[in-house]
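Worksheet: the structure to be examined is printed underneath.
The values are calculated or read from the model by the stated rules, or taken from the named source; none is laboratory data. As the structure is a computational prediction, the values presented were derived from the model and not from experiment. So basically every Cβ, Gly included, is an ideal-geometry build from the backbone, and we count neighbours across all protein chains shown. To get the accessible areas, we keep the full protein, side chains included, count just its heavy atoms, and leave off ligands, DNA and RNA. Shrake-Rupley method; radii C 1.70, N 1.55, O 1.52, S 1.80 Å.
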Amino acid sequence: MSEIILSAHDVCRDFKIGDGSVVSALKHIDIEIEKGKLTILRGRSGSGKTTLINILGALDRPTKGVVDFGGRDITKLSDKKRDDIRRCEMAFVFQSVALMGGLTAFENVEFGLRLAKYPYAKRKARVTEVMTDVGLDKRMHHRPSEMSGGEQQRTAIARAIAHEPMIVFADEPTAELDTATALHIVKLFKDLVAQRGMTIIMTTHDPSMMDIADRVYTLEDGEIIDSR
Ligand SMILES: Nc1ncnc2c1ncn2[C@@H]1O[C@H](COP(=O)(O)OP(=O)(O)O)[C@@H](O)[C@H]1O
Ligand SMILES: [Mg+2]
(Lines give C-alpha, C1' and ligand atoms only; values in the text may rest on other atoms or scores of the structure.)
(Ligands and ions follow the chains in the order given, each with its own letter.)
Protein backbone atom coordinates (compact mmCIF):
# COMPACT_ATOMS: atom_id res chain seq x y z
CA MET A 1 0.00 0.00 0.00
CA SER A 2 1.44 3.34 -0.96
CA GLU A 3 1.04 6.38 1.21
CA ILE A 4 0.42 9.78 -0.38
CA ILE A 5 2.64 12.38 1.27
CA LEU A 6 1.77 15.36 -0.93
CA SER A 7 -0.99 16.03 -3.41
CA ALA A 8 -2.37 18.83 -5.54
CA HIS A 9 -6.00 19.06 -6.61
CA ASP A 10 -7.30 21.28 -9.39
CA VAL A 11 -4.27 23.55 -9.18
CA CYS A 12 -4.13 26.48 -11.58
CA ARG A 13 -1.44 29.16 -11.75
CA ASP A 14 -1.96 32.28 -13.84
CA PHE A 15 0.73 34.90 -14.31
CA LYS A 16 -0.24 38.44 -15.28
CA ILE A 17 2.35 39.85 -17.62
CA GLY A 18 3.33 43.39 -18.55
CA ASP A 19 0.83 44.02 -21.32
CA GLY A 20 -2.08 42.99 -19.04
CA SER A 21 -2.57 39.57 -20.57
CA VAL A 22 -2.53 36.36 -18.53
CA VAL A 23 -0.36 33.26 -18.98
CA SER A 24 -1.96 30.06 -17.68
CA ALA A 25 1.19 28.22 -16.59
CA LEU A 26 -0.75 25.41 -14.87
CA LYS A 27 -4.23 24.25 -15.81
CA HIS A 28 -6.23 22.10 -13.37
CA ILE A 29 -3.35 19.94 -12.18
CA ASP A 30 -4.09 16.82 -10.12
CA ILE A 31 -1.05 14.96 -8.84
CA GLU A 32 -0.22 12.62 -5.97
CA ILE A 33 3.31 12.12 -4.66
CA GLU A 34 3.93 8.78 -2.97
CA LYS A 35 6.04 8.48 0.13
CA GLY A 36 9.33 6.62 -0.30
CA LYS A 37 9.37 7.00 -4.07
CA LEU A 38 11.35 8.89 -6.71
CA THR A 39 8.92 10.92 -8.83
CA ILE A 40 9.99 12.73 -11.98
CA LEU A 41 8.15 15.64 -13.59
CA ARG A 42 9.25 15.77 -17.19
CA GLY A 43 8.43 18.11 -20.01
CA ARG A 44 9.89 20.59 -22.43
CA SER A 45 11.10 24.01 -21.39
CA GLY A 46 8.06 26.16 -20.63
CA SER A 47 5.75 23.23 -19.91
CA GLY A 48 5.21 24.29 -16.27
CA LYS A 49 7.64 22.07 -14.31
CA THR A 50 9.20 24.84 -12.22
CA THR A 51 5.83 26.47 -11.57
CA LEU A 52 4.43 23.15 -10.32
CA ILE A 53 7.40 22.12 -8.16
CA ASN A 54 7.48 25.61 -6.60
CA ILE A 55 3.80 25.34 -5.67
CA LEU A 56 4.23 21.80 -4.29
CA GLY A 57 7.21 23.02 -2.24
CA ALA A 58 5.40 26.08 -0.84
CA LEU A 59 7.70 28.50 -2.65
CA ASP A 60 4.72 29.87 -4.56
CA ARG A 61 0.92 29.84 -4.16
CA PRO A 62 -1.52 28.67 -6.83
CA THR A 63 -4.20 30.95 -8.27
CA LYS A 64 -6.70 28.20 -7.50
CA GLY A 65 -6.69 24.74 -5.98
CA VAL A 66 -5.50 22.77 -2.97
CA VAL A 67 -2.05 21.44 -2.01
CA ASP A 68 -2.27 18.86 0.77
CA PHE A 69 0.92 18.08 2.72
CA GLY A 70 0.50 15.88 5.77
CA GLY A 71 -3.22 16.60 6.03
CA ARG A 72 -2.89 20.40 5.80
CA ASP A 73 -3.81 22.59 2.83
CA ILE A 74 -0.52 24.48 2.72
CA THR A 75 -1.88 27.08 0.29
CA LYS A 76 -4.03 28.45 3.14
CA LEU A 77 -1.26 28.80 5.73
CA SER A 78 0.50 32.03 6.68
CA ASP A 79 3.87 32.92 5.16
CA LYS A 80 5.51 32.27 8.53
CA LYS A 81 4.02 28.78 8.83
CA ARG A 82 4.98 28.01 5.23
CA ASP A 83 8.56 29.17 5.94
CA ASP A 84 8.72 26.83 8.93
CA ILE A 85 7.42 23.88 6.92
CA ARG A 86 9.89 24.56 4.11
CA ARG A 87 12.84 24.89 6.47
CA CYS A 88 12.12 21.93 8.73
CA GLU A 89 10.12 19.38 6.72
CA MET A 90 11.25 20.02 3.14
CA ALA A 91 14.51 20.27 1.21
CA PHE A 92 15.46 21.90 -2.07
CA VAL A 93 18.13 21.20 -4.67
CA PHE A 94 18.51 23.55 -7.62
CA GLN A 95 20.18 23.56 -11.01
CA SER A 96 22.91 25.97 -9.96
CA VAL A 97 24.77 24.82 -6.90
CA ALA A 98 24.92 27.64 -4.36
CA LEU A 99 27.61 26.49 -1.95
CA MET A 100 29.57 28.98 0.09
CA GLY A 101 33.00 29.21 -1.51
CA GLY A 102 34.86 30.08 1.66
CA LEU A 103 33.65 26.98 3.49
CA THR A 104 34.59 23.33 3.01
CA ALA A 105 31.98 20.80 1.95
CA PHE A 106 31.72 19.67 5.58
CA GLU A 107 31.22 23.24 6.80
CA ASN A 108 28.62 23.96 4.12
CA VAL A 109 26.54 20.98 5.25
CA GLU A 110 27.06 21.83 8.93
CA PHE A 111 25.87 25.39 8.27
CA GLY A 112 22.69 24.00 6.70
CA LEU A 113 22.05 22.00 9.88
CA ARG A 114 22.43 25.13 11.95
CA LEU A 115 19.79 26.92 9.82
CA ALA A 116 17.44 23.94 10.27
CA LYS A 117 17.99 24.11 14.06
CA TYR A 118 19.32 20.56 14.11
CA PRO A 119 20.53 19.65 17.63
CA TYR A 120 24.06 20.98 18.08
CA ALA A 121 25.48 17.87 19.76
CA LYS A 122 24.49 15.65 16.82
CA ARG A 123 25.62 17.92 13.98
CA LYS A 124 29.17 16.71 13.33
CA ALA A 125 28.20 13.04 13.35
CA ARG A 126 25.25 13.76 11.07
CA VAL A 127 27.45 15.65 8.56
CA THR A 128 29.88 12.73 8.37
CA GLU A 129 27.00 10.30 7.92
CA VAL A 130 25.31 12.25 5.15
CA MET A 131 28.59 12.94 3.30
CA THR A 132 29.12 9.17 3.30
CA ASP A 133 25.58 8.66 1.96
CA VAL A 134 26.33 10.88 -1.03
CA GLY A 135 29.71 9.21 -1.61
CA LEU A 136 31.85 12.17 -0.57
CA ASP A 137 33.41 10.99 2.68
CA LYS A 138 36.87 11.35 1.08
CA ARG A 139 36.19 14.90 -0.15
CA MET A 140 34.58 16.33 2.96
CA HIS A 141 37.25 18.85 3.72
CA HIS A 142 37.59 20.25 0.20
CA ARG A 143 36.26 23.66 -0.76
CA PRO A 144 33.83 23.93 -3.70
CA SER A 145 36.62 25.23 -6.00
CA GLU A 146 38.52 21.99 -5.34
CA MET A 147 35.61 19.76 -6.40
CA SER A 148 34.05 18.78 -9.74
CA GLY A 149 30.57 19.94 -10.74
CA GLY A 150 29.15 16.54 -9.80
CA GLU A 151 30.86 16.62 -6.39
CA GLN A 152 29.53 20.12 -5.77
CA GLN A 153 26.01 18.96 -6.60
CA ARG A 154 26.47 15.98 -4.23
CA THR A 155 27.49 18.41 -1.51
CA ALA A 156 24.40 20.51 -2.22
CA ILE A 157 22.29 17.35 -1.95
CA ALA A 158 23.98 16.42 1.34
CA ARG A 159 23.26 19.91 2.65
CA ALA A 160 19.63 19.66 1.50
CA ILE A 161 18.94 16.27 3.11
CA ALA A 162 21.09 16.48 6.25
CA HIS A 163 18.23 17.60 8.50
CA GLU A 164 16.20 14.53 7.47
CA PRO A 165 13.37 16.26 5.61
CA MET A 166 10.11 14.48 4.80
CA ILE A 167 10.48 15.33 1.10
CA VAL A 168 13.13 16.64 -1.30
CA PHE A 169 12.35 18.90 -4.27
CA ALA A 170 14.96 19.08 -7.03
CA ASP A 171 14.34 21.42 -9.97
CA GLU A 172 16.54 20.39 -12.93
CA PRO A 173 19.36 19.29 -10.59
CA THR A 174 21.28 17.73 -13.47
CA ALA A 175 20.85 20.41 -16.13
CA GLU A 176 24.36 21.80 -15.74
CA LEU A 177 26.09 18.41 -15.57
CA ASP A 178 27.40 16.19 -18.35
CA THR A 179 25.30 13.12 -19.14
CA ALA A 180 27.36 10.60 -17.17
CA THR A 181 27.55 12.80 -14.06
CA ALA A 182 23.85 13.59 -14.36
CA LEU A 183 23.02 9.88 -14.40
CA HIS A 184 25.12 9.38 -11.25
CA ILE A 185 23.14 12.07 -9.46
CA VAL A 186 19.83 10.46 -10.40
CA LYS A 187 21.19 7.08 -9.27
CA LEU A 188 22.16 8.71 -5.98
CA PHE A 189 18.56 9.93 -5.62
CA LYS A 190 17.38 6.40 -6.34
CA ASP A 191 19.70 5.00 -3.63
CA LEU A 192 18.52 7.58 -1.09
CA VAL A 193 14.96 6.54 -1.85
CA ALA A 194 15.68 2.80 -1.72
CA GLN A 195 18.07 2.72 1.24
CA ARG A 196 17.05 5.73 3.34
CA GLY A 197 13.33 5.73 2.58
CA MET A 198 13.44 9.30 1.29
CA THR A 199 10.77 10.85 -0.92
CA ILE A 200 12.17 12.79 -3.84
CA ILE A 201 10.50 14.74 -6.60
CA MET A 202 12.64 16.10 -9.42
CA THR A 203 12.08 17.85 -12.73
CA THR A 204 14.02 17.26 -15.90
CA HIS A 205 13.73 17.76 -19.63
CA ASP A 206 16.21 14.90 -20.21
CA PRO A 207 14.40 11.75 -21.45
CA SER A 208 17.32 9.44 -20.51
CA MET A 209 16.48 9.46 -16.79
CA MET A 210 12.96 8.10 -16.98
CA ASP A 211 13.77 4.42 -16.38
CA ILE A 212 15.22 5.15 -12.95
CA ALA A 213 12.11 6.84 -11.57
CA ASP A 214 9.29 5.06 -9.75
CA ARG A 215 6.73 7.47 -11.20
CA VAL A 216 6.94 9.81 -14.17
CA TYR A 217 4.47 12.61 -14.89
CA THR A 218 4.71 14.33 -18.26
CA LEU A 219 3.72 17.98 -18.52
CA GLU A 220 2.82 19.79 -21.69
CA ASP A 221 1.58 23.34 -21.89
CA GLY A 222 0.59 23.42 -18.19
CA GLU A 223 -1.23 20.09 -18.16
CA ILE A 224 -0.30 16.56 -17.14
CA ILE A 225 -0.70 14.61 -20.34
CA ASP A 226 0.72 11.27 -19.18
CA SER A 227 1.67 9.40 -16.00
CA ARG A 228 3.15 6.01 -15.45
N1 LIG B 1 6.87 34.82 -13.10
C2 LIG B 1 6.31 34.56 -14.30
N3 LIG B 1 5.67 35.53 -14.99
C4 LIG B 1 5.09 35.27 -16.18
N5 LIG B 1 5.11 34.07 -16.78
C6 LIG B 1 5.74 33.07 -16.15
C7 LIG B 1 6.38 33.25 -14.89
N8 LIG B 1 6.93 32.06 -14.50
C9 LIG B 1 6.64 31.19 -15.48
N10 LIG B 1 5.94 31.77 -16.47
C11 LIG B 1 5.44 31.12 -17.70
O12 LIG B 1 4.79 29.92 -17.32
C13 LIG B 1 5.11 28.87 -18.24
C14 LIG B 1 5.76 27.71 -17.49
O15 LIG B 1 7.04 28.10 -17.01
P16 LIG B 1 7.96 27.16 -16.13
O17 LIG B 1 7.15 26.58 -15.03
O18 LIG B 1 9.16 27.93 -15.76
O19 LIG B 1 8.32 26.00 -17.16
P20 LIG B 1 9.50 24.91 -17.14
O21 LIG B 1 10.10 24.88 -15.77
O22 LIG B 1 8.83 23.62 -17.53
O23 LIG B 1 10.49 25.34 -18.16
C24 LIG B 1 5.97 29.48 -19.31
O25 LIG B 1 5.15 29.87 -20.37
C26 LIG B 1 6.56 30.69 -18.62
O27 LIG B 1 6.87 31.69 -19.53
MG1 LIG C 1 12.05 25.08 -15.12
222 nm mean residue ellipticity, helices alone, for the chain (DSSP H n ≥ 4; -39,500 (n - 2.57); rounded to 500): -10000 deg cm²/dmol
Lysines whose Cα lies under 18 Å from that of Lys76, excluding same-chain neighbours fewer than 8 positions away: Lys64
Positive-pole candidate from Ser208, Pro62, Thr179, dipole of the chain, charges at beta carbon: Pro62
Area accessible to solvent at Glu223, 1.4 Å probe radius, in Å²: 90
Average accessible area per residue (Å²) across the range 54-163 - probe 1.4 Å, nucleic acids and ligands excluded: 49
Antiparallel DSSP beta bridges within the chain, percent to nearest 5: 55
Between 0 and 90°, nearest 10: helix 179-196 axis offset from the chain longest Cα axis: 90
Potential extension, Arg143-Asp214 segment - 0.36 nm per residue separation minus Cα distance: 22.2 nm
Accessible surface of Met198 - all protein chains present, 1.4 Å probe, nearest 10 Å²: 20
Modelled FRET efficiency - R0 45 Å, Thr179 with Ala125, Cβ distances, 0.05 increments: 0.80
Charge dipole (debye, nearest 20) of the range 82-228; +1 at Cβ of Lys and Arg, -1 at Cβ of Asp and Glu: 920
